[in-house]
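Worksheet: one structure, shown below.
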Amino acid sequence: MKIFHLSDLHIGKQLNGYSLKENQEAVLNQIVDYGLAHHPDAILICGDIYDKTAPSGEAYTMFGNFLEALSGIKPQISVLIIAGNHDSPERLSYASAFLERHNIHLSVFPPRNREEYLKKVVLRDENGPVNFYLLPFLKPGYVRQLFPDNQPDGYESAVRTVLERETIDARERNILLSHQFYAAGNKDPETCESEQAVIMAG
Ligand SMILES: [Mn+2]
């Protein structure tokens, strides 16, 4: 199966007061061109679509145009999107039911109660199914209802709990879409300035 993996588009980002609009548009157009040339089965957009939780109209338009161009590629490519720490879940999920009909699958919140599970999208190729599990950016507070005493003791146990309650068939091909602070061994993650602001803001 052929997959494009993107993340951290940060649409609408300004650098030292300068808009990156033209550069970002050029990059998104390049991705559409690659899509036309290589026809992946799926394009995964793994968080931080927008740079701000309240994106500008211009940023919405840029991402909307990008999705429209991707969905115009035939045969159709499945687009799977999760929210990152810079995205507002509610704002990103706007029109998600409509997008679903165009093969654009979006997940903005992890399971927030015992009845909810990760969104799963199954694609198939000549070797059978490939299961995609969509895990949006997760704060421990989002998933506290999954814990008996409502107290997850940090990111690691929150993510572990969400994953362990899924029924995943290890004999099949499974892919997790995720946007978290992952670190190797016991090292702390390296964060940039805006992420430190996000962590401090909780
Ligand atoms: Mn980011």
| request: Return the pairs, sorted by first residue and then second, in which the second residue is assigned to a strand (DSSP E or B) and modelled with pLDDT under 95, the first residue lies in segment 15-44 and is surrounded by fewer than 10 Cβ atoms within 10 Å (Cβ to Cβ), the beta carbons are less than 9 Å apart, and the residues are 6+ apart or on different chains. | output: none
| remark: The condition from (1) in contact with a Leu (Cβ under 6 Å, 6 or more places away or on another chain); (2) away from the ligand (no atom under 16 Å from the Cβ); (3) aliphatic (A, V, I, L, M); (4) farther than 19 Å from V130 by Cβ that V79 misses is numbered (4)
| remark: Counted residues in segment 159-192 being in a loop (DSSP other than H, G, I, E, B), in contact (Cβ under 8 Å) with a residue 40 or more places away in the chain and within 16 Å of the ligand (Cβ to nearest atom) come to 2
| query | Given the residues H102, H86, which is the only one that is outside any helix (DSSP H, G or I) and in contact with a strand residue (DSSP E or B) (Cβ under 7 Å, 6 or more places away or on another chain)? | reply | H86
| remark: Over segment 90-99, the set of residues surrounded by fewer than 16 Cβ atoms within 10 Å (Cβ to Cβ) and assigned to a helix (DSSP H, G or I) is E90, S96, A97, F98
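Quick check: anything in segment 24-37 within 15 Å of the chain's Cα centre (by Cα), within 21 Å of L177 (Cα to Cα) and away from the ligand (no atom under 16 Å from the Cβ)?
no
The values are calculated or read from the model by the stated rules, or taken from the named source; none is laboratory data. As the structure is a computational prediction, the values presented were derived from the model and not from experiment. Glycine also receives a Cβ, built like all others from the backbone with ideal geometry; neighbour counts cover every protein chain displayed.
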